[in-house]
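Here the structure comes first, spelled out in C-alpha cells, and everything after it is commentary.
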Amino acid sequence: MDFKNAAELLALCEKEKCPISEIMKRRECDLAETTNEELEARMRKALAIMRKSSTDPLTAPRRSVGGLLGGEARLVERHRQEGKSVCGNALSRAIAYAMGVLEVNSSMGLIVAAPTAGSSGVVPGVFLALQEEHGLSDEALLAALYNSSAVGFLAMRNATVAGAVGGCQAEVGVASAMAASGAVELMGGAPAQCLDAASTALMNLLGLVCDPVGGLVEYPCQYRNAIGAANAFTAAELALSGVKQLIPFDEMLAAMYQVGRRMSPELKETAMGGCAATPSGCAACEGCG
C-alpha cells in the first residue's frame, strides 16, 4: 500500500476501489507494523486533543507567552453567536476553532502539529466546523484525518513543511491543502477531487512568507490559520462542484518547494522581513520578552 506521490496514491485508490483514507490507513498498518486497533486509538487521541485545543479558548481564553495573542477566538465565536457573521456558521466556526488552537499552542498548551505547530489550527478548525454544521460522526472525522495525513506525508516526502525552508506556504499552505482534501472526502467527494482541492489550496497560498513578529509563533500565524481554514473551504467547494484543477498536486507541490527555495532568507522564519520588519511589528517586540 505504499506510495511515493499523489499519482501513485490515486492509482492505488482506483485499483482498490477505496478512498484515500483507507489507503493511508492500510499503509500505516503495513509499514509501522501496527494493528488497526492501535492505529485507531492513536488517531482518536489526536482527534480528542484537536477538539480540546480548538474549543477550550472559546470559553477560557489563554494569553500567549509573548503577549501577542489571547481572546481572539472567543471574539469570533461571540460574533457568530450574535448572528452577525459575514461568513456563515460553518466558516465562522472554522475560523474561531483555528485561531483557538494557536492560542493554546502559543501558551504552551497541548496541540497536534498538523503538519506543524504554527499551522496546527487549520485541519481541526475545518473538520470540527463541518462536523457541527452537518451532524457528522467522529468516525467520519477519523477518515478525514487519515486522508489529510496522506497529503501531509506527500508534502514532507517530496517537498517541505518547514517555514524556515519554504516559508509559510509550506506550513499554512500545506495545512490548508490537507484540510481541503480531507473535507472533500468528508463530504462524499472522490479521491481525484480530494487532490484537486489540495492542489487548489496550495496554489492559493503559493509564495506566502514566514515572518513571525518577534520570532514567536503567534502573530501573524494565528490570522493565517484563519485564512488557511477559509482557503480550504473554498478549495473543497470548487472541487466538489466539479471544477477541475489544471495542475496536479504533485506538480503544485514541486512548484511550492521551488518557490520556497528561491525566497529570501529574511522571509523564512528569521523575523527580519515582512510583518516582523514593520515599525509596529518591531515595536511589539519590546513586550515579547
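List of remarks:
- Some residue of the stretch 53-62 being small (Gly, Ala, Ser), open to solvent by 20 Å² or more (accessible area, probe 1.4 Å), assigned to a loop (DSSP other than H, G, I, E, B) and touching a helix residue (DSSP H, G or I) at 6+ places or on another chain (Cβ under 6 Å): no
- Some residue of the stretch 167-183 being modelled with pLDDT of 95 or more, surrounded by fewer than 24 Cβ atoms within 10 Å (Cβ to Cβ) and not charged (D, E, K, R): no
- The residue that is surrounded by the fewest Cβ atoms within 10 Å (Cβ to Cβ), among those in the stretch 252-289 that are more than 25 Å from Arg63 (Cα to Cα) and touching a strand residue (DSSP E or B) at 6+ places or on another chain (Cβ under 8 Å), is Leu267.
A quick yes/no check of all residues on (1) of a type in the set (Asp, Glu); (2) in contact (Cβ under 8 Å) with a residue 12 or more places away in the chain; (3) part of a helix (DSSP H, G or I); (4) surrounded by fewer than 24 Cβ atoms within 10 Å (Cβ to Cβ):
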position	(1), (2), (3), (4)
Glu133	yes, yes, yes, yes
Glu139	yes, no, yes, yes
Met156	no, yes, yes, yes
Ala164	no, yes, yes, yes
Leu206	no, yes, no, yes
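- Selection of the stretch 99-116 for residues being surrounded by 18 or more Cβ atoms within 10 Å (Cβ to Cβ) and out of contact with any Asp or Glu (no Cβ under 8 Å at 6 or more places or on another chain) yields Val101, Asn105, Ile111, Val112, Ala114.
- Long-range neighbours under 7 Å by Cβ, at least six apart or interchain, first residue more than 17 Å from Asn5 (Cα to Cα) within the stretch 15-39, second surrounded by fewer than 19 Cβ atoms within 10 Å (Cβ to Cβ) and aliphatic (A, V, I, L, M): Cys29/Leu39; Asp30/Met1
The values are calculated or read from the model by the stated rules, or taken from the named source; none is laboratory data. Remember, predicted model here, so these are calculated numbers, not experimental data. For neighbour counting, all protein chains shown are included, and Cβ atoms are generated from backbone atoms with ideal geometry for every residue, glycine included. We work out accessible area using only protein heavy atoms, side chains counted, and drop any ligands, DNA or RNA first. Shrake-Rupley method; radii C 1.70, N 1.55, O 1.52, S 1.80 Å.
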